[in-house]
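Each value in this text was obtained by applying a stated rule to the coordinates, not by laboratory testing. None of these values were measured; they are calculated from a predicted model. So basically every Cβ, Gly included, is an ideal-geometry build from the backbone, and we count neighbours across all protein chains shown.
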Amino acid sequence: MLHHFERIDPLPEDFDWAIEQALRFKLSHNADMMDCLIASAAHRLTLPLYTSNLKHFLPLLGSLARAAY
């Protein structure tokens, strides 16, 4: 099934953005480094990220974070 999707590799600036967000939202929203790294590509490409964990991704992505039902 996964062969239907395009793979997006993180870039060095994605790691920098993820670290900044992890430091910013760790205590207030419990966003861990992996959440931030996942969100980094969506942020860079301004693509929606569908997730069942909106609590962690809304502060990182705002309206780009979408509920996956």
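Return the label of the correct value of log10 I(q)/I(0) by the Debye sum over Cα atoms at q = 0.13, 0.14, 0.27 Å⁻¹, as calculated from the structure shown, out of (i) -0.40, -0.45, -1.25; (ii) -0.63, -0.69, -1.33; (iii) -0.34, -0.39, -1.25.
(iii)
Please list the non-local residues whose amide H lies under 5 Å from the amide H of Tyr50, H modeled 1.01 Å from N, same-chain partners needing a gap of 5 or more.
Arg66
Placing unit charges on C-beta atoms (Lys and Arg positive, Asp and Glu negative, everything else neutral), compute the dipole magnitude of segment 11-67 about its Cα centre in debye, rounded to 20. Kindly include the intermediate steps, with their values, before the conclusion.
On the way: 5 positive and 6 negative charges, 52 e Å.
My answer is approximately 260 debye.
I want the local charge near Ala18. Using Cβ-Cβ distances under 14 Å, sum +1 for each Lys or Arg and -1 for each Asp or Glu among the other residues. Each step should come with its number before you reach the end.
Details: positive: Arg24, Lys26, Arg44; negative: Asp9, Glu13, Asp14, Asp16, Glu20, Asp32, Asp35.
That sum, taken over residues with Cβ under 14 Å, equals -4.
Positive end of the charge dipole of the chain (Lys, Arg +1 and Asp, Glu -1 on Cβ, about the Cα centre): tell me which of Asn30, Thr46, Ala68 has its Cα farthest that way.
Farthest along the dipole direction, towards plus: Ala68.
With n ≥ 4 as the cut-off for DSSP H runs, can you work out [θ] at 222 nm for the chain, using -39500 (n - 2.57) per run divided by the number of residues, rounded to the nearest 500? If you can, show how the numbers build up before the last one.
Values: 3 runs with 39 residues, N = 69.
Mean residue ellipticity, 222 nm, calculated: -18000 deg cm²/dmol.
Using a Gaussian network model of the chain whose springs link C-alpha atoms within less than 10 Å, name the residue from His43, His56, His29 with the highest mean-square fluctuation.
His29
How high is the relative contact order of the chain, given as a whole-number percent (alpha carbon pairs under 8 Å, six or more residues apart)? Intermediate results must be reported in sequence, preceding the final value.
Details: 77 pairs, mean separation 18.8, N = 69.
Reported relative contact order: 27 percent.
Name the most mobile residue of Pro59, Pro12, Pro48, meaning the one with the largest mean-square fluctuation, in a Gaussian network model of the chain with Cα contacts below 10 Å.
So, out of Pro59, Pro12, Pro48, the one fluctuating most is Pro12.
Please give me the summed charge of the neighbours of Ala68: other residues whose Cβ is under 15 Å from its Cβ, Lys and Arg +1, Asp and Glu -1. Kindly include the intermediate steps, with their values, before the conclusion.
Working: positive: Lys55, Arg66; negative: Asp35.
In short, +1.
If you add up the charges near Phe57, with Lys and Arg at +1 and Asp and Glu at -1, over every other residue whose beta carbon is less than 13 angstrom from its beta carbon, what do you get? Kindly include the intermediate steps, with their values, before the conclusion.
On the way: positive: Lys55, Arg66; negative: Asp32, Asp35.
Result for the local shell: 0.
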